[in-house]
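Contents: one structure, followed by commentary.
Every number in this text was worked out from the coordinates using simple rules, so none of it is lab data. Worth saying up front: this structure is predicted, and the values here are computed from it rather than measured. Note that each Cβ is placed from the backbone with ideal geometry, even for glycine, and that neighbours are counted across all protein chains shown.
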There are 2 protein chains.
Amino acid sequence: MRPTVYDIAAAAGVSLATVDRVLNQRPGVRLVTREKVEAAIRDIGYVRDVAAANLAKGRVYPLVFILPTGDNSFMHGLYAEVRQAMTRSAFERTEISIVEVPAFDTAALVAALDALHGTDLAGAALVAIDAPDVRAAVDRLVAARLPVVTLVSDLTGSTRHHYAGVDNIAAGRTAARLLGRFLGGRNGDVTVLAGSMLVRDHRERLEGFASVMAAEFPQLRLLPVLEGRDDPEIANALVSEALSGSNSIIGIYSLGAGNRGLIRALKATGHGRGLTVVVHELTEHTRAALQDGTIDAVLNQDAGHEVRSAIRVMKATADGQDVIAGQERIRLDIFLKDNLP
Amino acid sequence: MRPTVYDIAAAAGVSLATVDRVLNQRPGVRLVTREKVEAAIRDIGYVRDVAAANLAKGRVYPLVFILPTGDNSFMHGLYAEVRQAMTRSAFERTEISIVEVPAFDTAALVAALDALHGTDLAGAALVAIDAPDVRAAVDRLVAARLPVVTLVSDLTGSTRHHYAGVDNIAAGRTAARLLGRFLGGRNGDVTVLAGSMLVRDHRERLEGFASVMAAEFPQLRLLPVLEGRDDPEIANALVSEALSGSNSIIGIYSLGAGNRGLIRALKATGHGRGLTVVVHELTEHTRAALQDGTIDAVLNQDAGHEVRSAIRVMKATADGQDVIAGQERIRLDIFLKDNLP
DNA sequence: AAATTTTTGATTTACGTACATCAGAATTAG
DNA sequence: CTAATTCTGATGTACGTAAATCAAAAATTT
């Protein structure tokens, strides 16, 4: 049988009330007594029954997700996963709410973060924009003892407790190697389609991509980055223009969202040119394009894992517990047409 | 506030005892009364508080993992992950034990499975050998109402409740495409190193690999499979012999374990030949070889995820609950030197 | 040594569910 | 219509922890 608080009391030769005071860090215990109890806890190997404790406390975890609006499939997927998590609230003792802010809007994000002060939250998750104001707002929340998790896009240099997303530099490097190896030594140009250089994840992907390209595939020339603002229409226009303007493009790396537009452009203009294409985010559109050979590889982060991980981390942080590190590492999925889920 | 059993009783106009009889499927309730209670449960949206229920029941989950012995890093990793899970037993109300059986030994596995009858288990997980006897033994356990999960290697056609492992046909297909594309149109021979054609996962990987090779890379010729029994020494000998006997080998796919031996052979014999190599299972050896360029890609299944998933599924099955499907899908990890964890 | 403060003990209630018991009500069989 | 049977209600205890109260003991101050 697992030891209980009663066993601690017996082992330490004190009363239950004293054990409780030590366990829950309540005042009114002499140092020597506290140490006696702590020794007993270690000796008998007591671990608090979290389920019973939560039951007694009537604990619930009010959590908030701050998400950008946006007409791309990845964000739709992210919303869907958060809503999925809401349906599990009853089981998980969570109370999840979503706050929407306009995409790429630093001021709105800061305002949303500041509005959280004073509410009785157990944690906040946000898709960060990499700006000093946002960093300051996050730091204020952390200072106010609120567990904060960044989602998808990180905010390094801030005091956020955790980042639930992939290593984007590694993602960019991986894309470069896939593209470089798939092109098998051919000479030519490679073009990169990004969303916005404002968000850290896109900047990091580009950085990783460019560095491996330069170091290992010198026969490939990197063209200036196209910024499509994660918008299918803009992406379509930019890629169409680039492809009709040059015959030397042999590879494309799309590191943001809005791939619907890219795919449309590829089918219209890129047909039969033997382009090798690597994109991010598995959606119904990229999946179809992978299957029909329009694109060659999809790098993906599993939004469901990210959301569930963020929730686990916020709850654990709120309780001062630690998490299974390996379980919370968000992996970069690489999909070829053969291993689609 | 969440509705409780008291709320059901009030809403249905019956006593707590009757609600309890309905909820726990105890006898002694008229059909009309039962339906009244069930309607009330639906109406007020009651969901049982599993934590409280488990507390009241004093529920623990005795689980057993049946694992093959074997001197390869993957199995070592699997053992380590199960032992890791044991350290979390106190939190997760599990009581995990490990049963070791000799690798590739059908009779021993069947004996181990049969020995589980009569014990009070909440679930069993096994690395299956694909044989009729094993299938029958698993079916007997399932018939005896024991949740059974296959781990790493599946047992299709059996009544096992769940498979915690990757899609090995897809893994083989993916390996073929990586190898084929990385070889960039070159002509030559490709050799396959397997563990044993007795285990289903190896057979399936080969099947997937061969089919994509034949369909999409006709310029590559598949040599007869080398069976290394997942043993580093045997693998080393086989690969060394193959490489010294032929100059036309340009690609190698190692779909089993024992890659230490393969890597040794590559460094000794394959040096400077420009071989492209894809292997399975990320271990310290394959990681180092990936980093120094001896091999080009590693396909991996995360043993930690598999073990944790198996535990979640066994617990849920024991309670008659359902699981989050997306969370239990074990993904095929593809590692290049750029995205190593 | 008395008065005061701090520390500790004993006890109770609560969380939401499970499970057992026994008495009383309703239903069915004879 | 009575007896036997089947349902239902009322009640209490338990699980392991949290949290509160009040009394008693110990330590500290005056």
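Taken as Cα centroids, region A:1-62 and region A:308-341 sit 31 Å apart, rounded to the nearest whole angstrom. Note on B:Arg59/A:Arg30: beta-carbon distance plugged into 1/(1 + (r/R0)^6) with R0 of 56 Å gives a FRET efficiency of 0.90. The angle between the Cα long axis of helix A:168-182 and the main principal axis of chain A comes to about 40°, on a 0 to 90 degree scale.
Remark: label point of A:Leu31 defined 7 Å out from Cα along the Cα-Cβ vector; separations to the same position in other copies 7.4 nm, ascending. Ignoring lysines fewer than eight residues from B:Lys36 along the same chain, the ones with Cα atoms less than 27 angstrom from its Cα are B:Lys57.
For chain B, the Kirkwood estimate of hydrodynamic radius, built from reciprocal distances between every pair of different alpha carbons, is 22.5 Å.
Using the Kirkwood radius over C-alpha pairs as Rh, can you work out the diffusion coefficient of region A:137-213 via Stokes-Einstein at 25 °C, viscosity 0.890 mPa s, in µm² per second? Reported coefficient: 173 µm²/s.
Per 0.36 nm of contour for each residue apart, how much would the distance between B:Ala39 and B:Arg83 grow if the chain were fully extended, relative to their Cα-Cα spacing?
11.4 nm
Take A:231-237, A:121-127, A:185-191 and order them by the average number of nearby Cβ atoms within 10 Å per residue, most first; the result is A:121-127, A:231-237, A:185-191.
Residue by residue along B:173-179, Cβ atoms of other protein chains within 10 Å of the local Cβ number 4 on average. Suppose R0 equals 41 Å. What FRET efficiency, 1/(1 + (r/R0)^6) with r the Cβ-Cβ distance, do A:Ala237 and B:Leu340 give to the nearest 0.05? It comes out at approximately 0.65. Counted residue by residue at 0.36 nm each, then reduced by the alpha carbon distance between them, the extension gain from B:Ser196 to B:Ala90 reaches 34.4 nm. Here the 3J(HN,Hα) profile of region B:127-141, calculated from phi with Karplus coefficients 6.51, -1.76 and 1.60 at θ = phi - 60°, is 8, 7, 9, 7, 9, x, 4, 5, 4, 5, 5, 5, 4, 4, 5 Hz, Gly and Pro shown as x. Anything over 32 Å Cα to Cα? Flag those among A:Lys315/A:Lys337; A:Lys337/B:Lys337; A:Lys315/B:Lys337, in the order listed. From A:Lys315/A:Lys337; A:Lys337/B:Lys337; A:Lys315/B:Lys337, over 32 Å: A:Lys315/A:Lys337; A:Lys315/B:Lys337.
Values of log10 I(q)/I(0) for region B:87-229 across q = 0.18, 0.20 Å⁻¹ run -0.99, -1.13, by the Debye formula with one identical scatterer at each alpha carbon and no solvent. One equal scatterer on each Cα of region B:5-48, no solvent, Debye formula: the resulting log10 I(q)/I(0) at q = 0.14, 0.17, 0.22, 0.33 Å⁻¹ is -0.23, -0.35, -0.60, -1.36. Dividing the Cα radius of gyration of the protein assembly as shown by its Kirkwood radius returns 1.00 for Rg/Rh. For the residues of A:326-338, the average number of beta carbons from a partner chain within 10 Å of their own beta carbon is 6.
Taking all Cα pairs closer than 8 Å and separated by 6 or more residues, the relative contact order of chain B comes to 14 percent. For the protein assembly as shown, the mean residue ellipticity at 222 nm estimated from helices alone is -14000 deg cm²/dmol, where every DSSP H run of n ≥ 4 contributes -39500 (n - 2.57) and the total is divided by all residues, rounded to the nearest 500.
Summing charges over all other residues whose Cβ lies under 12 Å from the Cβ of A:Ala237, with Lys and Arg as +1 and Asp and Glu as -1, gives -2.
When you restrict to C-alpha pairs under 8 Å that are six or more residues apart and normalise by the size of region A:168-300, the relative contact order lands at 26 percent. Among A:165-175, B:133-143, A:53-63, sorting by the average number of other beta carbon atoms lying within 10 angstrom of each residue, highest first, gives A:165-175, B:133-143, A:53-63.
Across identical copies of the chain, A:Asp114 has label-point separations of 7.4 nm, listed in ascending order, with the point defined 7 angstrom from Cα along Cα→Cβ. Where in region B:85-110 does the amide nitrogen come within less than 18 Å of the point 7 Å from the Cα of B:Val142, taken along Cα to Cβ? Residues B:110 fall inside that zone. The radius of gyration of the Cα set in region B:256-341, together with its Dmax, comes out at 17.2, 57 angstrom. Comparing B:Leu178, B:Leu223, B:Leu255 in a Gaussian network model of chain B where C-alpha atoms under 10 Å apart are linked, the largest mean-square fluctuation is found at B:Leu223. In order along region A:104-120, phi translates into HN-Hα couplings of 6, 10, 4, 4, 5, 5, 4, 4, 5, 5, 5, 5, 7, 4, x, 6, 9 Hz, rounded to whole numbers, per the Karplus curve 6.51 cos²θ - 1.76 cosθ + 1.60 with θ = phi - 60° and x for Gly and Pro. Electrostatic tally near B:Thr156: other residues with Cβ closer than 14 Å to its Cβ, Lys and Arg +1, Asp and Glu -1, net -3. Ordered by the number of other Cβ atoms lying within 10 Å of each residue's own Cβ, fewest first, B:His117, A:His280 fall into the sequence B:His117, A:His280. Nearest chain A C-beta to the A/B rotation axis, reported as residue and distance in angstrom, is A:Gly184, 1. Each Lys and Arg contributes +1 and each Asp and Glu -1, all at the Cβ; summed about the Cα centre of the protein assembly as shown, the dipole is approximately 880 debye.
Using the Cβ-Cβ distance between A:Ser244 and A:Ala288 with R0 = 22 Å, the FRET efficiency computed as 1/(1 + (r/R0)^6) comes to roughly 0.40. DSSP assigns beta bridges within the protein assembly as shown; of those with both partners inside it, close to 10 percent run antiparallel. With its label point defined 7 Å out from Cα along the Cα-to-Cβ axis, A:Asp139 lies at 6.7 nm from the matching points of the other copies, in increasing order.
Per Stokes-Einstein, at 37 °C and 0.692 mPa s, what whole-number D in µm² s⁻¹ belongs to region B:168-300, with the Kirkwood radius over Cα pairs as the hydrodynamic radius? The Stokes-Einstein estimate is 232 µm²/s. For region B:227-291, the calculated P(r), taken from all Cα-Cα distances in 5 Å bins from zero up to the bin holding the longest distance, is 4, 19, 33, 28, 14, 2 percent. Residue by residue, region A:234-243 carries 3J(HN,Hα) couplings of 4, 4, 4, 4, 4, 5, 4, 4, 4, 5 Hz when phi is fed to the Karplus relation 6.51 cos²θ - 1.76 cosθ + 1.60 (θ = phi - 60°); x denotes Gly or Pro. Inter-chain Cβ neighbour count for B:300-309, averaged per residue, equals 2 (cutoff 10 Å, partner chain atoms only).
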